[in-house]
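This report concerns only the one structure given below.
The values are calculated or read from the model by the stated rules, or taken from the named source; none is laboratory data. Since the structure is predicted, the reported quantities are computational estimates derived from the model, not experimental observations. Virtual Cβ from ideal backbone geometry, glycine too; neighbours counted across all protein chains shown. Areas reflect the complete protein model, heavy atoms only, side chains present, ligands, DNA and RNA absent. Shrake-Rupley method; radii C 1.70, N 1.55, O 1.52, S 1.80 Å.
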Amino acid sequence: MPVPDFPQMIVPVDHIEPVPRRVRAMLGGRVVLDTTHALYVWEWPFYPQFYLPRADVQDGLLVDKQRSERLRRGTAHRHGLRAGSISRPDSAWVYAGDVLAGLDGTVRFDWDALDSWFEEDEEIFVHPRNPYVRVDALRSTRTVRIELDGLVLAESSSPVLVFETGLPTRYYLNRTEVDFDHLVPTDTVTQCPYKGRTSGYWSVRMGDTVHPDLAWAYDFPTRQLIPIAGLIAFYNEKVDVVVDGERLPRPKTHFS
């Protein structure tokens, strides 16, 4: 098997670890849960989900649907969530009885059923941050050129390189080094647990062909990724990246 050219995830499915951080979530302005005893549970290799003590969910908010199911991690009882006039049906599983060791009495919420999640007092997005993922943004003087079907979209000798476990290196370039004649702004917004919420996406127009959402920017990234603020990156999986004269193969990821 060939060795990949970027670090891979190493945690097996069903691995369980304690979360050393305070975790809170809100719905309709109300605190739904507040705990310092959450668990990380890896339902797939890329990142964990929070499993939370049932006792740390506010009373009266879970609605028992009187339905149980045998899931991969054991017997779970389906619940809805209601906070005032806001209802989130079928948004939680309560694990009890015949379950993986350590999960008895825990709740697993659908992430999007809550308005916001916090680790300590910092909001987090999309899913819990994987404690085994490292994300570094490093300034560089390597020459990076971005092409699509031979058309040069950007070129820089002062990029910021973002190294993130489980993903290929991303190359963030100054806006003055990007050819906006071929970029079309879109309404797309995405979120990342490590970088925050995007402030812009661009498609690439080549003649009559539009390649959707190939580039993005974070004008206000998380404090750990401040070096990428306002810079633009392109999906390595969908464009050609040339670094110091070497054309890189397009990586295969879930963004391909």
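Restricting region 1-28 to residues that are basic (Lys, Arg) and part of a loop (DSSP other than H, G, I, E, B), which is nearest to Val135 (Cα to Cα)?
In this case the residue turns out to be Arg21.
Please indicate, with yes or no, whether at least one residue in region 44-52 is touching a residue at least 60 places away in the same chain (Cβ under 8 Å), of a type in the set (S, T, N, Q), under 13 Å from Phe109 (Cβ atoms) and open to solvent by less than 80 Å² (accessible area, probe 1.4 Å).
Scanning region 44-52 turns up at least one residue that is touching a residue at least 60 places away in the same chain (Cβ under 8 Å), of a type in the set (S, T, N, Q), under 13 Å from Phe109 (Cβ atoms) and open to solvent by less than 80 Å² (accessible area, probe 1.4 Å).
Across region 106-116, which residue is surrounded by the fewest Cβ atoms within 10 Å (Cβ to Cβ) among those that are more than 13 Å from the chain's Cα centre (by Cα) and within 18 Å of Arg21 (Cβ to Cβ)?
Ser116
Among (1) in a loop (DSSP other than H, G, I, E, B); (2) surrounded by 16 or more Cβ atoms within 10 Å (Cβ to Cβ); (3) touching a helix residue (DSSP H, G or I) at 6+ places or on another chain (Cβ under 9 Å), where does Leu103 come up short?
Failing condition for Leu103: (3).
Restricting to region 159-188, and then to whatever is open to solvent by 50 Å² or more (accessible area, probe 1.4 Å) and in a strand (DSSP E or B), can you tell me which residue is nearest to Phe46 (Cα to Cα)?
Phe163
Can you confirm whether Asp208 is out of contact with any strand residue (DSSP E or B) (no Cβ under 7 Å at 6 or more places or on another chain), of a type outside the set (Val, Ile, Thr), at pLDDT 95 or above and farther than 17 Å from Tyr235 by Cα?
So Asp208 fails the test.
Of all residues in region 223-237, count the ones that are farther than 20 Å from Pro7 by Cβ and free of Cβ contacts under 8 Å to residues at least 40 places away in the same chain.
Residues that pass the stated criteria total 2.
Select from region 29-42 the residues that are more than 15 Å from Arg129 (Cβ to Cβ) and either exposed (fewer than 15 other Cβ atoms within 10 Å of the Cβ) or of a type in the set (Val, Ile, Thr) (or both) and list them in ascending order.
Within region 29-42, Gly29, Arg30, Val31, Val32, Thr35, Thr36, His37 qualify.
Scanning for something crowded, with 18+ Cβ neighbours inside 10 Å, modelled with pLDDT under 95 and under 21 Å from His127 (Cβ atoms), does region 70-79 turn up at least one residue?
yes
Take region 126-140 and flag every residue that is open to solvent by 30 Å² or more (accessible area, probe 1.4 Å) and in a loop (DSSP other than H, G, I, E, B).
Val126, Arg129, Pro131, Tyr132, Arg134, listed by residue number.
Any residue at all in region 219-236 that's open to solvent by 40 Å² or more (accessible area, probe 1.4 Å) and in a strand (DSSP E or B)?
No: zero hits.
I'm trying to understand the selection: among the residues of region 3-28, which are among the hydrophobic types (A, V, I, L, M, F, W, C) and open to solvent by 80 Å² or more (accessible area, probe 1.4 Å)?
Residues satisfying the conditions are Val3, Ile10.
Only one of Gly196, Gly150 is modelled with pLDDT under 95, of a type in the set (Gly, Ala, Ser) and touching a Pro at 6+ places or on another chain (Cβ under 7 Å). Can you tell me which?
Gly196
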